[in-house]
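Below: the structure, in structure tokens.
The values are calculated or read from the model by the stated rules, or taken from the named source; none is laboratory data. Predicted model only: the values in this text are computed from it and were never measured. Because the Cβ atoms are built from the backbone with ideal geometry, glycine has one as well, and the counts that use them run over all protein chains shown.
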Amino acid sequence: MTLAELIAQARTALDTAITARQQEQDALMALRSDDNLTEDAVTARVATRDTADAEVTRRQAALDQLEAEQVREDEVTALQARTVPAANRAPAYDRVHRVGAEERTYRPDQDRRGAAFEGDVAAAFMGDYEARDRLGRHMAEERVERGDQIDPRTGQRAAGTGAFAGLVVPQYLTDLYAPAAAARRPFADSCRPHDLPAQGMTVNISRITTATNVDLQASENIAVAETDIDDTLLPVTVQTNAGQQTLSRQAIERGAGVEPVVLDDLFRRYSTKLDSTLLNQATNGLTNVATSVAYTDASPTVAELYPKVIEGLSGVEGALLDMATGDNIAVMHSRRWYWMQNAMASTWPVITQPGIVAQTLGANYATTYGSGVRGVLPNGTPVIVDNNIATTLGGGTEDEIYLVDRQECHLWEDANAPMYIRAEQTKVASLGVLMVVYGYFAYTHARYAHARKIAGTGLIAPTFTGV
């Protein structure tokens, strides 16, 4: 393996370590915002983050060392190109004839970009005889040094790279490899996070379904109102999210950064599947627990859609009552978010909202996909854009908009998820290495039946007509 290949592999390993470290930092920040925060949990998470940080430092040091070696190799190569071997000094100096080494007319070490050569070409065209002389000397030097590659009739190279198929080696820019795009987990990152309990495959939540009663006493000395309180368990299943890939040992040992690339892709698929499950899973996914707010329109407009958003948010607060935190979010597909931005209007909400510029319908924060809140609606509700939302609903081209209190969208994850298993023995007979990524999680949006979704023909595939 060449030094350049080792550097490329080291850069890929550093990128992977930085990504892992960022995931640990994000998990730590999410933990610190948890209402059920414990000092032991924070200490454990900080230790995990510090371990990932140390790995970044180690990978950076390895890359710096390799790059320093490459710089020195380049210096030695340049020095070697400028050095002329000394002549045999056996005869007396004044008794032999010598052929000296004359400097080239155009020297790459003094003019790396070839500005002097280009200037002389232009000057010769304008009639500068000295420039023509220098160009003539240059062509003579080229014939001496590379005469077998110069066509004497044209002065051009007579052999292209096709004549040296075994020497002109294709180069692969491994640090610029293009990962397969993924929707990742924008909604999951917006949910209220919890640490998954260490044991068990079910998380049980007690819900008070029969409340006590308080009423006016009809008259003195008679019994006051009494209703026995009762609860119902909400069981939340712990699920396993996993994927695998078998690589040949040849691909790992003789390839450049193959294993980190595959591992990165497995992590992307893990995040995407988890997020899609929270949105689309049968029975418990957000689309199946949310109460529908119908928007039926053959010619939908953003001005007509917006009142449906307010209706949905009203339903969220009406269901939660005093348990409403006000931390509402709207979750939509990117095509719906851009469609809402394309609308032009001459009317605005009657009631102004904090942080919203007058005579505008909301605000776009111009952040990138998956980076959190993308903007706010006219009433200040933050927007999460998630492309795991289905776009083939209803008649086949509809998507949905979800309106929830994010504090009532609960997600339990293992603190170390996703886990990575690298198994060599199971595939040793075929020189294979098995890579497995897995993690446990549980979720619910139904601790209170509050979620709303806007659905119907008004959310068909959008056309960007400015309305």
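Just a few scattered comments:
- Pair list, Cβ < 7 Å and 6+ apart or interchain, from the range 18-40 residues that are of a type in the set (Lys, Arg) to residues that are modelled with pLDDT under 85: Arg32/Val42
- Enumeration of residues in the range 301-310 that are hydrophobic (A, V, I, L, M, F, W, C) and surrounded by 15 or more Cβ atoms within 10 Å (Cβ to Cβ): Val302, Leu305, Val309, Ile310
- Just one residue in the set Leu313, Leu361 is modelled with pLDDT of 95 or more and surrounded by 13 or more Cβ atoms within 10 Å (Cβ to Cβ); that residue is Leu313.
- Test: residue in the range 186-195 that is closer than 25 Å to Leu37 by Cβ, among the small types (Gly, Ala, Ser) and touching a helix residue (DSSP H, G or I) at 6+ places or on another chain (Cβ under 8 Å): yes
- Arg374 being out of contact with any Asp or Glu (no Cβ under 8 Å at 6 or more places or on another chain), under 30 Å from Asp26 (Cβ atoms) and either surrounded by 13 or more Cβ atoms within 10 Å (Cβ to Cβ) or modelled with pLDDT under 75 (or both): yes
- Extreme residue, nearest to the chain's Cα centre (by Cα), among residues of the range 227-246 that are surrounded by 10 or more Cβ atoms within 10 Å (Cβ to Cβ) and assigned to a loop (DSSP other than H, G, I, E, B): Val238
- Among residues of the range 284-295 that are within 17 Å of Asn387 (Cα to Cα), those with a Cβ under 8 angstrom from a residue that is basic (Lys, Arg), sequence gap 6+ or separate chain, pair up as Leu286/Lys453; Thr287/Lys453.
- Some residue of the range 396-417 being more than 30 Å from Pro235 (Cα to Cα) and either of a type in the set (Phe, Trp, Tyr) or free of Cβ contacts under 8 Å to residues at least 24 places away in the same chain (or both): yes
- Filter result for Trp348 (in contact (Cβ under 8 Å) with a residue 12 or more places away in the chain, loosely packed, with under 15 Cβ neighbours inside 10 Å and among the aromatic types (Phe, Trp, Tyr)): yes
- Any chance Asp275 is of a type outside the set (Val, Ile, Thr), out of contact with any Pro (no Cβ under 6 Å at 6 or more places or on another chain) and either free of Cβ contacts under 8 Å to residues at least 60 places away in the same chain or surrounded by fewer than 16 Cβ atoms within 10 Å (Cβ to Cβ) (or both): no
- Qualifying position, being modelled with pLDDT under 80, basic (Lys, Arg) and within 26 Å of the chain's Cα centre (by Cα), among Arg11, Arg32, Arg49, Arg82: Arg32
- Looking only at the range 316-336, and only at residues there that are of a type in the set (Val, Ile, Thr) and not in a strand (DSSP E or B), the one that is surrounded by the fewest Cβ atoms within 10 Å (Cβ to Cβ): Thr325
- Lone qualifier among Arg268, Arg192, Arg249, Arg207 - being among the basic types (Lys, Arg), in contact with a Cys (Cβ under 8 Å, 6 or more places away or on another chain) and outside the structural domain of Leu6 (by TED's automatic domain parsing): Arg192
- Residue ID - nearest to Arg269 (Cα to Cα), chosen from residues in the range 389-426 that are charged (D, E, K, R) and outside any strand (DSSP E or B): Asp414
- Condition broken by Thr465, with the remaining ones in (1) more than 30 Å from Ala20 (Cα to Cα); (2) at pLDDT 95 or above satisfied: (2)
- Number of positions in the range 10-43 that are of a type in the set (A, V, I, L, M, F, W, C) and over 14 Å from Arg58 (Cα atoms): 8
- Set side by side, the residues Leu167, Leu176 differ, and just one is modelled with pLDDT under 95 and either under 26 Å from Leu14 (Cβ atoms) or polar (S, T, N, Q) (or both), which is Leu176.
- Any hit, the range 259-270, residues being of a type in the set (A, V, I, L, M, F, W, C), without any contact (Cβ under 8 Å) to a residue 40 or more places away in the chain, surrounded by 17 or more Cβ atoms within 10 Å (Cβ to Cβ) and part of a helix (DSSP H, G or I): no
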